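These notes concern the structure reproduced below.
Laboratory data are not the source of any read-out in this text; all were calculated from the coordinates shown. Since this is a predicted model, take the numbers as computed values, not measurements. No Cβ is skipped: glycine too gets one built from the backbone with ideal geometry, and neighbour counts run over all protein chains shown.
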Amino acid sequence: MAERDKVTIGLATCGIAAGGIAVRDEIENEIRRRKLDVAIAETGCIGYCFAEVLVEVEKKGLPKVTYGNVTPSDVPDLIETHLVQGRILQNKVLLIEGKKTPESDFLERQTRIVLRNCGIINPESIDDYIARGGYEGLKKALKMKPEEIRKEVLESGLRGRGGAGFPTGQKWEFCSRAEGKEKYIVCNADEGDPGAFMDRSVLEGDPHAVIEGMIIGAYAIGATCGYIYCRAEYPLALRRLRIAIEQAKERGFLGKNILGSSYSLDIIVKEGAGAFVCGEETALIASIEGERGMPRPRPPFPANKGIWGMPTNINNVETFANVSWIIREGAKKFASFGTEGSKGTKVFCLTGKVRRGGLAEVEMGTTLREVIFGVGGGIKEGRNFKAVQTGGPSGGCLPSSLLDTPVDYDSLTALGAIMGSGGMVIVDDTTCMVDLAKYFLTFTQMESCGKCIPCRLGTKRMLEILTRICQGKGEPEDMDRLRNLALDVKEGSLCALGGTAPNPVLTTLRYFEDEYRAHIFEKKCPAGACTDLVTFHIDPEKCTGCGVCARNCPADAISGEKKKPHVIDVNACIKCRECLRRCRFGAVYTV
Amino acid sequence: MATVTKVGKGLTESERKKIDKILKKYSKQKGALIPVLQGAQAELGYLSEEALSYIAKSTGRTLSQVYGVATFYKQFRLQPIGKHLVRICHGTACHVGGAEDIDASVCGHLGLPVDGGTTGDGEFTVEKVVCVGACSLAPIMIVDGIAHGRLDSEKARNVIKKYQKKQGI
């Protein structure tokens, strides 16, 4: 049978949010209407999130083409041009297989280990996964002794991808040595950092890679039961995980006597109920036990006393996705990527004001500049780069002078930021750094579980200070107060939430002190973002008197004759920014 | 069989049956309080005091223990919600992309304070959530489980209007 022509639609959460379902329905309609013999398939995240909805078309005699920014109304033209006439629809092209396009270097600049199958396979098909070497690692592992697997992972240099960067092989060693009637292995998929969606994308795009890694890990430490703790906010990831687990059981990769061996393992999916602190190991354990997810003092470490007091090993989604590759391809090959202290690759979520926001996996040691300007394509709308925020609420903000920093665990920690789980939020000159610090503190303050007083009250006091600075009520001593409180919170907290919560404040104080000073001493917000500190005006030179601003002003604060420069009454203005957004001539400005 | 016990007296027969079914499903799983609460909320819309005390009695826990868990996690609601649930994302990318403008526009349109809440007619509940993980499409909001991305004030308002039209409001 000849290969059929095929249309594939990227339907991860991003694709769906951009209207992917409507595009798929329209493609189905159009193909049915024209009675074409074309297969329709779905895949996970292709990584080009900035160009969603993505549609890939494979037609005999033409190279494979990926179209971007596809809307339902583009579909008839796309089907007609590509599938009927056999020509490429040029204005929607994102990628052409084997050819350079303006956006093709987004992928070419990446090194994909974790994302090896994402956007290529149908995540709901175990055969797709197997066809690309899936479960080969597990077959190999079951022929090895558990200690050989642990040694292999240790030698690969793999470090935990959840953020802390602890060597995975060592962690497994601790757990395998611990005494216990039962042992547990847990996959931490409670991806809570705002601005991070790597784990979601991997679970939605290639769930078997994670499950395979988890089974290998379980065998290596002698675990009898596994849990995947995944956010309830990720319904699609949860659904695909459950499908993958069932498929793996049917094929004998999971369950009793895996692949005919004497080893058995069951994996249970647990839905998190929305608590950021549950990303912390001991809190996660409490949550799995059905309790309030509050951290417990360590030691004892989970490796010795975890779930129900039994030895427990917890790794992150991305870590497990690496494991299945490492066992299949070998530790040496993995260790050939990356730097001395950080091996392999890291998946980042590029978001914020970057032109090509999406999923990017790069070799460890790649510079921030290459990630943001090379892979990410620089800043949107021709504005200026101001800072990159790594590691979410636990991380820090780095300025342009540090763009040549290599991305690895140790370099980022040395600068006061952290690698974190992989969120990378890029901001331009319209973002106020004090406001951004306030944003993260609002988050950590809300998510503090309340167990440790320095975290519970310290973050609250810090937030109050930041709030008043943004309101123009800051006092000269406030910067020192923030620094002192930050140290107390860091030192007096049991878990990493409190231990890292002050990082966004400390790094903005370190690299953007000017902005704090402007707010405190001049009562000005240089970015024009803090509403209490700005007033809105119209530049008479640029204003054409079109009247759009006046018509849309909800406070009737704008007046002027037709075709003559308009004026904003500063006292009546409610600072809603509607005029700033509406003006097509850039005449509205803030002071 | 059908003796009505004192606990859960505020629950209707069918509500009690629904909870019993969930309790049975997890009866063999250790520490399954969270999935039980999740299941009950999915069935009943929210966790009433009666539902919580019924679950407490049935699982041999104190009400304070169950209440403690229910109030620890953001997912659990102790109040009924509107017909449509609007969740405005406040992740970092949405924050720098103008999530506060979306709050102002949606809440303003529905006559709610910018922090959200439920409309007087019980049609809409608006809440802020932290990162739904679709950052490339920021700012984003989720209405009844369906994500709407790349919003601005006007687009957000139009999304809400569409739901109002469907309802004939």
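Things to note:
- Across peptide A:568-579, the average count of Cβ atoms from other chains found within 10 Å of a residue's Cβ is 1.
- Of A:380/A:575; A:140/A:171; B:83/B:161, pairs whose Cα-Cα distance is over 18 Å: A:380/A:575; A:140/A:171
- Three-way shape call for chain A based on the alpha-carbon gyration tensor, with the a/c threshold at 1.5: oblate
- Normalised alpha carbon radius of gyration of the range A:433-522 [divisor 2.2 N^0.38 Å]: 0.99
- Other residues whose C-beta falls under 14 angstrom from the C-beta of residue A:132 contribute a net charge of -3, scoring Lys and Arg +1 and Asp and Glu -1.
- Mean shadow area of the range A:126-335, taken as a quarter of the surface of its Cα convex hull (nm²): 10.6 nm²
- Scattering curve values for chain B, log₁₀ I(q)/I(0), Debye with Cα scatterers, q = 0.09, 0.12, 0.15 Å⁻¹: -0.39, -0.65, -0.87
- Shape call, the range A:178-233: gyration tensor on alpha carbons, a/c limit 1.5: prolate
- Taking 37 °C and 0.692 mPa s as conditions, the range A:194-306 diffuses translationally at an estimated 217 µm²/s according to Stokes-Einstein applied to its Kirkwood radius (Cα pairs).
- Sequence-distant lysines (8 or more away, or on other chains) whose Cα lies within less than 16 Å of residue A:563: A:542
- Those trypsin sites (Lys or Arg not before Pro) in the range A:114-154 that DSSP places in a loop and that have at most 11 other beta carbons within 10 Å: A:143
- In the range A:345-428, the C-alpha radius of gyration followed by the widest Cα-Cα span (Dmax) gives 11.1, 33 angstrom.
- Cross-link reach list, lysines versus residue A:59, counting only Cα pairs under 25 Å and skipping chain neighbours closer than eight places: A:6, A:35, A:92, A:99, A:100
- Only helices enter this figure: runs of n ≥ 4 DSSP H residues, each worth -39500 (n - 2.57), summed and divided by the residues of chain A, yield -10000 deg cm²/dmol at 222 nm to the nearest 500.
- Summing Lys and Arg as +1 and Asp and Glu as -1 over all other residues whose Cβ lies under 11 Å from the Cβ of residue A:12 gives a net charge of -2.
- Convex hull volume per residue in cubic angstrom - Cα atoms of the range A:125-205: 144 Å³
- Computed over the range A:5-104, the Cα gyration tensor eigenvalues convert (square root of 5λ each) into semi-axes of 18, 17, 11 Å, ordered from largest to smallest.
- Taking other residues whose beta carbon is less than 11 angstrom from the beta carbon of residue A:358, and scoring Lys, Arg as +1 and Asp, Glu as -1, yields -1.
- In terms of other Cβ atoms within 10 Å, A:359, A:441, A:485 run from fewest to most in the order A:485, A:441, A:359.
- Peptide B:134-146 - average C-beta neighbours from other chains (10 Å radius): 6
- Cβ-based exposure ranking for A:481, B:77, in which fewest neighbours within 10 Å come first: A:481, B:77
- Counting only other chain Cβ atoms within 10 Å of each residue's Cβ, the peptide B:92-105 averages 6.
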